Amino acid sequence: AKENYYLYSDNPYHIQAYFDCLINTYYNKPEDDLLAELLEKLGRIRSEKAQSMHSRCKSLYLAYVEDDYDAALACIDEATINFPKDKKYALTVKFEIARLFHKTDEMERVIKTLEADRSNENTIVICRSKLLADQNRVEEAVDYFCKNITFFTDDSKKAFCEKLRARTTSSV
């Protein structure tokens with residue numbers, strides 16, 4: 001993602017991918033200067049898709065860097081309204097924000113909305129697995145994930161389950 005960003009730094013998909021990698025890699029101590037720079041650059045791109053991505057990234061920035069659950073939630077809720085075509089992406093961001101702040105009730109509401117909207121089944125499986133793990137039901141989460149995920153290689157399944165266990169362990 002970093003290399004693609006530096007090779008094609010005006011591409012909103014590469015900006016968002018790099019931003020997401022940084023957030024997910026450094027979720028305990030985000031690189032806020034670089035994240036702010038990426039967020040600002042994404043905000044300058046005027047396409048609807050880029051603005052939708054900007055809203056999602058801004059919500060994550062508010063949550064991870066500024067540690068402001070209410071502002072992050074308001075921002076992502078606004079994104080679901082302003083960019084209805086990308087609602088499923090905004091909902092997964094909302095789920096991750098709720099997860100960061102240990103708001104399991106909100107995580108459950110997001111999953112129900114994803115189900116009602118007939119979102120991609122793998123998205124629902126991933127969210128439900130994370131929720132189960134966050135409820136200290138890690139082995140149940142791993143079992144559920146492995147039985148219900150589709151189109152993942154065995155290596156991808158193993159890597160996800162390892163990250164699920166590691167992140168759950170580190171957040172306890």
Can you give me the Cα centroid spacing of segment 86-131 and segment 33-50 in angstrom? 24 Å
Calculate the FRET efficiency for Thr104 and Ala159 from the Cβ-Cβ distance with a Förster distance of 35 Å, rounded to the nearest 0.05. 0.90
Scattering profile of segment 81-160 from the Debye formula, Cα beads only, expressed as log10 I(q)/I(0) at q = 0.18, 0.27 Å⁻¹, is -0.74, -1.33
Cα-Cα longer than 31 Å, checked against Lys41/Lys147; Lys41/Lys158; Lys58/Lys147; Lys49/Lys103; Lys41/Lys157; Lys2/Lys147, kept in input order, equals Lys41/Lys147; Lys41/Lys158; Lys58/Lys147; Lys41/Lys157; Lys2/Lys147
What percentages, rounded to whole numbers, describe P(r) for segment 1-84 computed over all alpha carbon pairs with 10 Å bin width beginning at zero? 20, 52, 26, 2
How much of the accessible area of segment 109-167, probe 1.4 Å, is carbon plus sulfur, in whole percent? 49 percent
In segment 1-100, the chymotrypsin sites (Phe, Trp or Tyr not before Pro) that sit in a DSSP loop and have at most 15 other Cβ atoms within 10 Å of their own Cβ are Tyr8, Tyr26
Quick one: Karplus J couplings for segment 145-150, per residue in order, coefficients 6.51, -1.76, 1.60, θ = phi - 60°, nearest Hz, x for Gly and Pro? 4, 4, 7, 10, 6, 10
With a Förster distance of 25 angstrom and the Cβ-Cβ distance between Tyr8 and Phe152, calculated FRET efficiency to the nearest 0.05 equals 0.35
Distribution of pairwise C-alpha distances over segment 113-157, 5 Å bins, in %: 5, 24, 29, 24, 14, 4, 0
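Using 0.36 nm times the number of residues separating Ile81 and Glu115, minus their current alpha carbon distance, what extension gain do you get?
10.4 nm
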Principal axis extents for segment 63-122, Cα atoms only, whole Å, descending order, please. 32, 25, 16
Enter the accessible area per residue of the chain (Å², integer; probe 1.4 Å; all protein chains in place). 56 Å²
Per-residue accessible area for Ile126 at 1.4 Å probe radius, Å² rounded to 10? 40 Å²
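The values are calculated or read from the model by the stated rules, or taken from the named source; none is laboratory data. Because the structure is predicted, anything quoted here is derived from the model rather than measured. For neighbour counting, all protein chains shown are included, and Cβ atoms are generated from backbone atoms with ideal geometry for every residue, glycine included. Accessible surface areas use protein heavy atoms only, side chains included; no ligands, DNA or RNA. Shrake-Rupley method; radii C 1.70, N 1.55, O 1.52, S 1.80 Å.
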